[in-house]
Amino acid sequence: MSEAIQHPGYSPRKADFQRRLRRIEGQARGLQRMVDEDKYCIDILTQVAAMTSALESVALGLLDEHLHHCVVEAAVAGGPEAEQKLAEASAAIARLVRS
């Protein structure tokens, strides 16, 4: 992180992201219980899909914050850091699309 950026771009929404991640953590524990209790496969898969969607939502939120904060700030400053931030964002998008 550059010296110009003192905090992550998601800082204003940190509590929201933490709340969502705690909910996802609870979903993961619920999935473990469902397997432990031999619940119906389709019910487990439905919950996996819900958890996957929740994780994707967090990822897209973080990506949006990164683009609007870190990438924009680096682009305004210019230079090699701007190229690096764009490359990082592009790689992150590619990982999200592949997952």
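Here, each number is a calculation from the coordinates, and none is a lab measurement. Being a predicted model, the structure only gives us computed values, none of them experimental. Here the Cβ is made from the backbone with ideal geometry for all residues, glycine too, and neighbour counts use every protein chain on show.
Side notes on the structure shown:
- Working value for the chain: equivalent-ellipsoid semi-axes of 35, 15, 8 Å, each the square root of 5 times a Cα gyration tensor eigenvalue, largest first.
- For the stretch 13-98, a crude dipole built from +1 on the beta carbon of Lys and Arg and -1 on the beta carbon of Asp and Glu, taken about the Cα centre, is about 240 debye to the nearest 20.
- The modelled label-to-label distance between S90 and I42, using points 7 Å beyond Cα along the C-beta direction, is 4.5 nm.
- Label point at R13 placed 7 Å out along Cα→Cβ; residues across the stretch 60-93 whose backbone nitrogen lies under 13 Å: 60-70
- Highest-first arrangement of 48-61, 26-39, where packing means the average Cβ count within 10 Å: 48-61, 26-39
- Net charge over other residues, Cβ less than 10 angstrom from the Cβ of E73 (K, R count +1; D, E count -1): 0
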